[in-house]
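Q: Provided herewith is a single structure, encoded as structure tokens, for subsequent inquiry.
The values are calculated or read from the model by the stated rules, or taken from the named source; none is laboratory data. Only a predicted model underlies this, so the values are computations on that prediction, with no experimental measurement involved. Don't worry about glycine lacking a Cβ; one is built from the backbone with ideal geometry, like all the others, and counts go over all protein chains shown. Ligands, DNA and RNA are stripped out before the accessible areas are found, and what is left, the full protein with its side chains, is counted by its heavy atoms. Shrake-Rupley method; radii C 1.70, N 1.55, O 1.52, S 1.80 Å.
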Amino acid sequence: MDVEAVEAFTAVLALAAAALGLLVLVGRALRSRSALVDEVMVVIDDAALWLAFLVAAGATAGSLYFSEVADFTPCRLCWFQRIAMYPMSLLFLVAAIRRDRDVRWYALPMAVVGALISTYHYLIEWRPSLERGACGIGPESCTTIWFRRFGFVSLPFMALCGFVAIIGLMVATWPAGDDIDDGEPNEPDERPESRP
């Protein structure tokens, strides 16, 4: 398979991942308003850890392909995005096998940081004048564009799509009606009051 075919294929996968993440976030917001949405969200919720693993593993494999096979030299911001994405492949695999939904507490901050870096990287690809020394080290500039599929899908955009999908899937793992709890029912504090 030639590099251009891989670029097109991974661009389509990235767009599908972003669509999944956004649809999950919208579905989460509309939960309890429609029986169909509730049913779809239950299915996604059940598969969320495995889907997150597939997204992270696919993003990791794609980034390794582009740097090791296609010889696209990663810039400094690319490395920061990799630091956020690569460990999530293993993290989600272990969490999916163990059915450990508490992985969201570890993965969500990593995905949000990765998404912020990807957004900045994508922005400076379009507006190089906004780059303020983030890529001071390394042979490759952060404003280098290796490719743009469909006129807008570049490597940082694909990373952003992966992070958005993971964010959406991690939000889906929260129990319905429980925005910040770890899934345990809220119970009143049963500690005895201290009396003088």
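Q: Using r as the Cβ-Cβ distance of Phe150 and Asp100, and R0 as 30 Å, what FRET efficiency do you calculate, to the nearest 0.05? List each step's numbers first, then the result.
A: Details: r = 37 Å, r/R0 = 1.22.
Computed FRET efficiency for Phe150 and Asp100 comes out at 0.25.
Q: Normalised by the number of residues in the chain, what is the relative contact order in percent for Cα pairs under 8 Å and 6+ residues apart? Working shown, then result.
A: Details: 222 pairs, mean separation 66.3, N = 196.
Once normalised by length, the contact order is 34 percent.
Q: Can you compute the helix-only [θ] at 222 nm over the chain? Use -39500 (n - 2.57) per DSSP H run of at least 4 residues, normalise by all residues, nearest 500 deg cm²/dmol. Don't skip to the answer; put the middle values down first.
A: On the way: 5 runs with 122 residues, N = 196.
After summing the helix terms and dividing by the residues of the chain, the value is -22000 deg cm²/dmol.
Q: What's the Cα-based Rg to Rh of the chain, Rh via Kirkwood?
A: Looking at the chain, the ratio lands at 1.07.
Q: Could you compute the longest span of the chain free of GluC sites (Glu not before Pro) located in DSSP loops and having at most 16 other Cβ atoms within 10 Å, not counting the site residues?
A: On the way: sites that count: Glu140, Glu190, Glu193.
Within the chain, the longest run free of exposed GluC sites (Glu not before Pro) spans 1-139.
Q: Applying the Karplus parametrisation 6.51 cos²θ - 1.76 cosθ + 1.60 with θ = phi - 60° to the phi angles of the range 29-36, what ³J(HN,Hα) value in whole Hz is obtained for each residue in order, glycine and proline being reported as x?
A: Result, ordered by residue: 5, 9, 4, 6, 9, 8, 5, 5 Hz.
Q: Sorting Cys161, Cys78 by accessible area (1.4 Å probe), largest first, what list results?
A: Cys78, Cys161
Q: Further question on the same structure: Using a simple charge model, +1 on the beta-carbon of Lys and Arg, -1 on the beta-carbon of Asp and Glu, nothing else, what dipole does the chain show about its Cα centre, in debye to the nearest 20?
A: The calculated dipole for the chain is roughly 500 debye.
Q: Mind pulling the angle between the C-alpha long axis of helix 155-172 and the longest principal axis of the chain? Nearest 10 degrees, somewhere in 0 to 90.
A: The helix 155-172 is inclined about 10 degrees to the chain.
Q: Note down the magnitude of the dipole of the range 58-170 about its Cα centre, charges +1 on Lys and Arg C-beta and -1 on Asp and Glu C-beta and zero elsewhere, to the nearest 20 debye.
A: So the dipole magnitude of the range 58-170 works out to roughly 300 debye.
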